[in-house]
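The values are calculated or read from the model by the stated rules, or taken from the named source; none is laboratory data. Bear in mind that the values here come from a model prediction, so they are computed numbers and not experimental data. Note: ideal-geometry Cβ built from the backbone for every residue, glycine included; neighbour counts use all protein chains shown.
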Amino acid sequence: MRSRARNSFDELKLGDFAEITRRFGQAELPASAAASEAAGEGHADHLVAQGAWLTALVLEVIDAHLPGPGAGLIGHRLDFERPFAPGELVTARVTLREKVAAPQELVLDCVCVDQAKRTLARGRARVIPPIPPSQSPAVAPNPPSPKVGSRYRELITAAKRLPPIRTAVVHPCDVASLEGALEAAEEGLIVPILVGPEPRIRAAAEAAGRSLDGVELVAAPHSHAAAERAAALTREGGVEALMKGALHTDELMAAALDPAMGLRTERRMSHVFAIDAPNYPKPLFITDAAINIYPDVETKRDIVQNAIDLARALMIDPPKVAILSAVETVTPKIPSTIDAAALCKMADRGQITGGILDGPLAFDNAVSKEAARAKGIVSAVAGDADILVAPDLEAGNMLAKQLVYLADAGIAGLVLGARVPIMLTSRADGVLSRLASAALAQIFAHWRRRGGWRKTEIMVEARESQGDQAPGS
């Protein structure tokens, strides 16, 4: 390991770097991939294993050296560019490119190269620097894991390093919704303001064996009034997020969409599912599967932009956006293919910014490089999508739930496009999904508070002008 790294925020300087060199061995391959490698065959498991190993190597540099033990990972992205063989020496390097003063954050460029200095993967990470040991114990390395929920736990751990956001919890009159809010508060993600009929909220707390000491309650006689009161708190600047309790989604969204409530912006509201699919090599977002039933092209433009903004807040920048349809060719017989082509052209003309779009793409072409290659699709998005844009609510909802019930995926998400993020938690959601939604809202709220859209664009332009430097050069 070579390093020019310091540890504290004040000591760190732009250009500081650290790197580690490791040999990629046969032991790092899963059994199925190792067998295919021995037979001289290509195997998707092999590529997934290589990508996961490179990511773990980069995170080891961050956790151990730059900025070192005690750092908090907010988000990272590593794009896999070329495969490599067992036995090769691989170097992972991280370099400090930006320091954000308030709150204290670091932006790192990450690159992996082989022994011939050819780039294998590149990306970036956003971290919180270590804090003094007297204030917090060191954070152990947290490499990626294929276990269900591992990405959500990583997300929650990162979010806990940020200040909690004041959140209006609307009508939390059952045990599930009240416990979800209180768990998020205990994890340091939110400061809950419970809005609803006080006797029913206290009865739910008693049934759950929970104390409400120190928790703010805002009285409202029923669910409809609770939604309106929560919207008013947002309009008054008292809260930075909304969380759905024991009321129908329609009631909460009616208040959010009411022009008199002041939550609407020039952007159409839409929902983004953040999917933790253990068999997919990175986080996956699906939109819109909850709000807009049959969106037209203008609405889809806002749906896409909302999802891009969330991905960028999580340091997936630029996200790769696949506009889904049943086929990958444009045909008037399938209107969603026409919409997909129009959205891609809108991105070319600057009407959608911050992402890389391609479509129409069938689902297999969007998530499988082998499927895209078999059909001759040459695209930065095909087989490597971060965001899947469904043609309508029905398709998106079925796709998300299929991943949950047939592929052991976790599901969380937000409504975006309003003045504040909205968590539409469901009675079927487990504690981890509720906490992940709260973590998403917290990270997004802080990113937007810092002017995230404008800042990220400036960061990208600055890095492009600086160029990239391979380890050891």
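Residues being over 18 Å from TYR152 (Cβ atoms), surrounded by fewer than 21 Cβ atoms within 10 Å (Cβ to Cβ) and not aliphatic (A, V, I, L, M): count how many of those fall in region 174-219.
The total comes to 13.
Please count how many residues of region 405-444 are of a type outside the set (A, V, I, L, M), outside the structural domain of ASP288 (by TED's automatic domain parsing) and surrounded by fewer than 18 Cβ atoms within 10 Å (Cβ to Cβ).
Of the residues in region 405-444, 3 are of a type outside the set (A, V, I, L, M), outside the structural domain of ASP288 (by TED's automatic domain parsing) and surrounded by fewer than 18 Cβ atoms within 10 Å (Cβ to Cβ).
Return the only residue of ASP250, ASP309 being in contact with a strand residue (DSSP E or B) (Cβ under 7 Å, 6 or more places away or on another chain) and either modelled with pLDDT of 90 or more or not assigned by TED's automatic domain parsing to the domain that holds TYR405 (or both).
Numbers: ASP250 fails: in contact with a strand residue (DSSP E or B) (Cβ under 7 Å, 6 or more places away or on another chain).
From the options ASP250, ASP309, the qualifying one is ASP309.
Take region 234-262 and flag every residue that is part of a helix (DSSP H, G or I), crowded, with 20+ Cβ neighbours inside 10 Å and among the β-branched types (Val, Ile, Thr).
Correct list: THR234 only.
Given the options ALA436, ALA407, ALA385, ALA340, name the one that is over 17 Å from SER270 (Cα atoms), within 21 Å of the chain's Cα centre (by Cα) and at pLDDT 95 or above.
Criteria check complete, one pass: ALA385.
Report, by residue number, each residue of region 269-287 that is at pLDDT 95 or above and part of a loop (DSSP other than H, G, I, E, B).
MET269
Would you please name the residue that is surrounded by the most Cβ atoms within 10 Å (Cβ to Cβ), looking only at residues in region 149-170 that are more than 27 Å from LEU403 (Cβ to Cβ) and among the basic types (Lys, Arg)?
ARG161
Between ALA138, ALA176, ALA102, which is over 30 Å from SER368 (Cα atoms), among the hydrophobic types (A, V, I, L, M, F, W, C), in a helix (DSSP H, G or I) and modelled with pLDDT under 90?
On inspection, the qualifying residue turns out to be ALA176.
Working only within region 385-434, note down all residues that are touching a helix residue (DSSP H, G or I) at 6+ places or on another chain (Cβ under 8 Å) and among the β-branched types (Val, Ile, Thr).
Residues satisfying the conditions are ILE387, VAL389, ILE411, VAL415, VAL420, ILE422, THR425, VAL431.
Mind checking which residues of region 22-70 are at pLDDT below 80 and under 18 Å from GLU105 (Cα atoms)?
GLY70
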